[in-house]
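Undergrad: One structure, pasted below without further comment.
The values are calculated or read from the model by the stated rules, or taken from the named source; none is laboratory data. The structure displayed is predicted, hence computed values, not measured ones. Cβ coordinates were reconstructed from backbone atoms using ideal geometry, including for glycine residues, and neighbour counts include every protein chain displayed.
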Amino acid sequence: MRGVAVGLSVALSVLAAGQTAAPVTPQTTAAVVSQSAAALAGPPRAEVKAVERLCDNALANYAIDTIEQVTHARALYIEGYGVLITFEVDLSRVSPLVGFAGGLSKAQRDKIRENEVKRLPEFRQFVQGLAVEAVKPLEHLSPEEHLMVHVDFDYSPYEDREGLPDALSLTAMKKDLAGAAERKTPPDRLSGILKVKME
């Protein structure tokens, strides 16, 4: 509500300062309130849910079938920032029966780690492309607001995690992602608009 009040105050000040502006009346005040509230409301829940489904479908159809989606995608609109999308994946799916079969040998664990290191750049490109696709349903997200895709990586206790990240985050403004979507920019050429963080 404070953001609405500040926006209303600024808008009314501009209207009052303009020599040719219409006088401030209950009607103009109501119009400004309505516009301010609409700007702060963000995308409707239907658009946010569409983003979640899009992400889940993309992960389900991802070409590398050994990467497992651990949690469904969740999208949340944060007022004044944009939309945050989160989900969790395992970069190397291993049968849960491994523990009952005496565990994995060192050679097998090394191979799993090798595969994860190899897949990470490919998966990062996949997430970059996913960010471009995810912005498309968000018609009511402001062009100046952001879209962040945050991925947590799940590891088994026996895995060697040295050099592997706990999470990957990609952030960009909606207008930049929408422009990339319109130009059909390949995922490997999005570095100029995306802020990438792995930790």
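Undergrad: Answer yes or no as to whether residue 184 is on the phi > 0 side of the Ramachandran plot and of a type outside the set (A, V, I, L, M, F, W, C).
TA: Numbers: on the phi > 0 side of the Ramachandran plot: yes; of a type outside the set (A, V, I, L, M, F, W, C): yes.
It is true that residue 184 is on the phi > 0 side of the Ramachandran plot and of a type outside the set (A, V, I, L, M, F, W, C).
Undergrad: Just checking, which of 94, 132 is modelled with pLDDT of 95 or more and among the β-branched types (Val, Ile, Thr)?
TA: Values: 94 fails: modelled with pLDDT of 95 or more.
Exactly one of 94, 132 is modelled with pLDDT of 95 or more and among the β-branched types (Val, Ile, Thr), namely 132.
Undergrad: Another one. Take region 150-180 and flag every residue that is closer than 18 Å to residue 76 by Cβ and of a type in the set (S, T, N, Q).
TA: 169, 171
Undergrad: If you check 111, 106, which single one turns out to be loosely packed, with under 13 Cβ neighbours inside 10 Å and at pLDDT below 90?
TA: The match here is 106.
One line per residue, one yes/no per condition, for (1) under 21 Å from residue 53 (Cα atoms); (2) under 14 Å from the mean Cα position of the chain (by Cα); (3) in contact (Cβ under 8 Å) with a residue 24 or more places away in the chain; (4) not assigned by TED's automatic domain parsing to the domain that holds residue 53:
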| residue | (1), (2), (3), (4) |
| --- | --- |
| 129 | yes, yes, yes, no |
| 134 | yes, yes, yes, no |
| 139 | yes, no, yes, no |
| 156 | no, no, yes, no |
| 168 | yes, yes, yes, no |
| 172 | yes, yes, yes, no |
| 176 | no, yes, no, no |
| 179 | no, no, no, no |
| 183 | no, no, no, no |
